[in-house]
Every structure is written in C-alpha cells, then in structure tokens.
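Notes follow the structure.
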Amino acid sequence: MPADQRLTLLARLMDVAVLSNEVHAANLANSNTPGYRAKAVAFDSAFQSALDSGGPEAAEQVEPSIIEPHTTPVQADGNDVSSDNEIIASAKNQALYDAYVQMARGELRLLGVAVTPATEG
Amino acid sequence: MPDGGLFRGVDASASALNAEELRMNVAAENLAHAGDTHRLANGLPYARQRVHFQTVLDDQGNSTGQVAAHIISSPRYTQRIDPTHPDADPATGIVKEPDIDPVLELTDLMVASKAFDANSNAVHGLMHMHETALHLSDP
C-alpha cells in the first residue's frame, strides 16, 4: 500500500473516530431526555470486510452510518442511554484516535525524509 | 460522512451543560421554597418548578444531538386548616403549602451534577482530539 493511500485510510479512520465521539457526546447530552434512544456509529465491520475483500480502494469508499443499536435496557422514561457505557466507549475512542495520530505522524515523517535532500558529511 | 460542523459534538455537550445547570438551579429553588406558604399575587403560594428535557431536531426532523430544557410549573399543594396562620385564607382558614419533597429535589440535584461533570469531560475529550489533529505536522 503506498504512503498516500495509508494516509487517506488513516484520515478516514480519524474522521470516523471524531464522528463517533460526537455521537457519544450527543448521547451523554441526552442521558436525561425522555424517549431518547442511544445512537452509535456503524463502520468498523463494513470497513474490515471491504479491506479484506476489495483492498484499500474498496475500504476508502466505506461510509459510516449512525444507527440505534437498542442494546441497553430502556428505562421508565423511554430513554436507553447508559452514561457509563458512553464514557467508556468515548475514552476507548480517544485512545484509538491518539494511536491513529501517531501512525499518521510516522507516515508524514517518512515522507519528510523522502523529500529532504541528503546533506553532505 | 454525515454533515455537521467541526464542533457539533461540543455544541451537544454545551447544550447539555446549560440544561443540567438549569435543572440544578430549579432544584435549589424548589428546595428553598419547601414549606413556603406565603401567598403570591394569584392567591397561591410558590408552585414547584420542573425541568423538561427535549432533543433538538433539525429541519428534517432528525436529532441534532443537542438538548433543550424548559421549565414547567407543577402547581400541586398540600393543605391544612390553621386559621391563626398568617398565610391562611381568611374565609376558609386553609393554609396551602407547595408539594415539595426535599429528598426528591436533592437526588435530582445530585443526578444533574453528575451529568454536568460527564458532559464537561466529553467536551475535554473532543477538544483534545481536535488539538492533536492540529499538531499532526509538528516535528
């Protein structure tokens, strides 16, 4: 996979991580809103299968979508946000984002080395 | 990618910080008026206030993630007959008191305070992410 393709994929993953954190923030914001159902970003499995079957070109085309997973118990007011789940997922997500940033920095450093003329001595 | 500004997540958290703060203020106000029998211009004592949370929708009716809080008056009173009370109705001798349960108000205050902290942490997390991206090309 060429460097620019790796950077494109990393940028996509970072975009999705930000979107996912925005969704967690929205869920937390609505943790006391009657009738609100928790939202989540569906991306990882579609991205993985596109990468496996079609390679990086196919993976670049995968779009994240916002779904309502309905996996947590619904409270009496019709709300199913679990604040603990949201905080943990958001912390994981931030760690993941930091990892992507480190990888992107590594790629950019390599590119920097490639475009810098060698100095004498 | 779904559209939305760079700070959509921060906006959602900010709206929740406002809403939770309103909820804390209202709970404190209710608590302060527990047992307040003084009759106002409408002839009734202080009415218990409640905060109602609602998701803010966009033009297409989709959730924006933001939350709006409104104050709703909940005029319920307990009454007792006490004709010598200064706030008693002169005709009937009935004293009305707002139906406020201090335990309920205090738990509401605690829940709102915790939710406020959680949302404030969410803002920190999002801002940290944006900041790391800004420094991506630093040596």
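Bear in mind that the values in this text are calculations on the coordinates, not laboratory data. Keep in mind it's a predicted model, so treat the numbers as computed, not measured. Reconstructed Cβ throughout: ideal geometry from the backbone, glycine too, with neighbour counts over all protein chains shown.
For peptide A:36-49, the mean count of partner chain Cβ atoms within 10 Å of a residue's Cβ comes to 1. Within 10 Å of the Cβ of each residue in B:115-124, the mean number of Cβ atoms contributed by other protein chains is 4. Only alpha carbons enter this Debye calculation for chain A, each as an equal point scatterer, and the log10 of I(q)/I(0) it gives at q = 0.18 Å⁻¹ is -0.96. Most tightly packed first, judged by the mean number of other beta-carbon atoms within 10 Å of their residues, the peptides A:50-63, B:100-113 read B:100-113, A:50-63. The mean sequence distance of close C-alpha pairs (under 8 Å, at least 6 residues apart), as a share of the length of chain A, puts its relative contact order at 35 percent.
What's the whole-number percent of alpha carbon pairs in chain B lying beyond 24 angstrom? For chain B, the share of Cα pairs beyond 24 Å comes to 51 percent.
What ranking do B:81-90, A:84-93, A:101-110 get when scored by the average of other Cβ atoms within 10 Å per residue, highest first?
Values: B:81-90: 11.7, A:84-93: 16.5, A:101-110: 15.0.
Output ranking for B:81-90, A:84-93, A:101-110: A:84-93, A:101-110, B:81-90.
Taking a Cβ cut-off of under 14 Å around B:Arg48, the surrounding Lys, Arg, Asp and Glu residues balance to a net charge of -3, with basic ones at +1 and acidic ones at -1. A straight Cα-to-Cα reach below 27 Å connects A:Lys92 with the lysines A:Lys39, B:Lys114, residues fewer than 8 places away in its own chain not being considered. Three principal axis extents of region B:30-85 based on alpha-carbon atoms, in descending order, are 59, 21, 16 Å. All Cα-Cα distances of the protein assembly as shown, cut into 5 Å bins from zero to the largest, leave 1, 6, 10, 13, 13, 11, 9, 8, 7, 5, 4, 4, 3, 2, 2, 1, 1, 0, 0, 0, 0, 0 percent in each bin in turn. The helix-only estimate of mean residue ellipticity at 222 nm for chain A, built from DSSP H runs of length n ≥ 4 each weighted as -39500 (n - 2.57), is -22500 deg cm²/dmol after division by the residue total. The alpha carbon centroids of region A:28-93 and region B:1-41 are separated by 26 Å.
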